[in-house]
Amino acid sequence: MMTPKKLTETKIVIGPCRLSYPNLFERKKFDGDTGEGKYMVTVLIPKSADGKDTVEAIRECIEAAKTAGASSKWQGKTPKKLSLPLVDGDESDDEYIQGHYTIKAKSNMRPTVLDRKRQPIVDQEEIYGGVWAYVSISFFPYDAAGNKGVAVALNSVMKFKDDDPFGGSDSALDFDGIEFDAEDDDDL
């Protein structure tokens, strides 16, 4: 069951939810990026009844960020055309995000990544596309190079449980049925 925990008007902990494209231990650069890159993750929130409270809490955080942006970034009013972070996964060709809402969260600083005992995870293999986690995120307004909107800062991640990896396979199962004769050892 998803239980959002609002920490402030624009900061929330959501989960358990699935992670997609997690880059939590190393920065990722985008095409044309001249900077150092960012830490990032796409968070998948189910459209089922379990995700409804989370989506509502996220929408409240977005509205609070829009209100803050009107006074601090957008000359006293909310622009009609804004880029917003909550995306309907059903509009994507990616089968893993269909049936979900998605949020892309980024950070310039490495996020804290913990296990269920709240101990730091250092093995990068522990966090992969498809893992379940709780995620702390903050929403903020921006106005950069003529683009206006609400973005999501990635604060921290706590792994909840393992699941099937997205797009992966069990490499050992790939080779089921292949047999070797003793004479094949001579070829090594």
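Couplings 3J(HN,Hα) of segment 144-161, computed from phi: 9, 6, x, 9, 10, x, 10, 10, 10, 8, 8, 9, 7, 9, 10, 5, 9, 6 Hz, in residue order, whole Hz [Karplus 6.51 cos²θ - 1.76 cosθ + 1.60, θ = phi - 60°; x for Gly and Pro]. As a ratio to 2.2 N^0.38 Å, the alpha-carbon radius of gyration for the chain is 1.25.
Here the chain has 47 percent of its accessible surface on carbon and sulfur atoms, given a 1.4 Å probe and all protein chains in place.
Rolling a 1.4 Å probe across the protein heavy atoms gives the chain an accessible surface of 62 Å² per residue. With the cut-off at 15 Å, report for segment 1-69 the share of all Cα pairs above it, as a whole percent. When all Cα pairs of segment 1-69 are counted, 63 percent exceed 15 Å.
Based on the alpha-carbon gyration tensor of segment 80-147 and its eigenvalue square roots a ≥ b ≥ c, which shape applies: rounded if a/c is under 1.5, prolate if not and a/b is larger than b/c, or oblate? Cα axes put segment 80-147 in the oblate bin.
For LYS81 and ASP123, the FRET efficiency from 1/(1 + (r/R0)^6), where r spans their Cβ atoms and R0 equals 30 Å, is about 0.10. Estimated at 0.36 nm per residue, the fully extended path between LYS6 and LYS29 surpasses their Cα-Cα distance by 5.2 nm. Mean residue ellipticity at 222 nm, helices only, the chain: -5000 deg cm²/dmol; runs of at least 4 DSSP H residues each add -39,500 (n - 2.57), and the sum is divided by the number of residues. Partner lysines whose Cα lies under 22 Å from the Cα of LYS73, excluding those fewer than 8 positions away in the same chain, are identified as LYS11, LYS81, LYS104, LYS106, LYS148.
The values are calculated or read from the model by the stated rules, or taken from the named source; none is laboratory data. Here the structure is a predicted model, which is why all the values come from computation and not from measurement. For neighbour counting, all protein chains shown are included, and Cβ atoms are generated from backbone atoms with ideal geometry for every residue, glycine included. All accessible areas refer to the heavy atoms of the entire protein, side chains included, with ligands and DNA or RNA removed. Shrake-Rupley method; radii C 1.70, N 1.55, O 1.52, S 1.80 Å.
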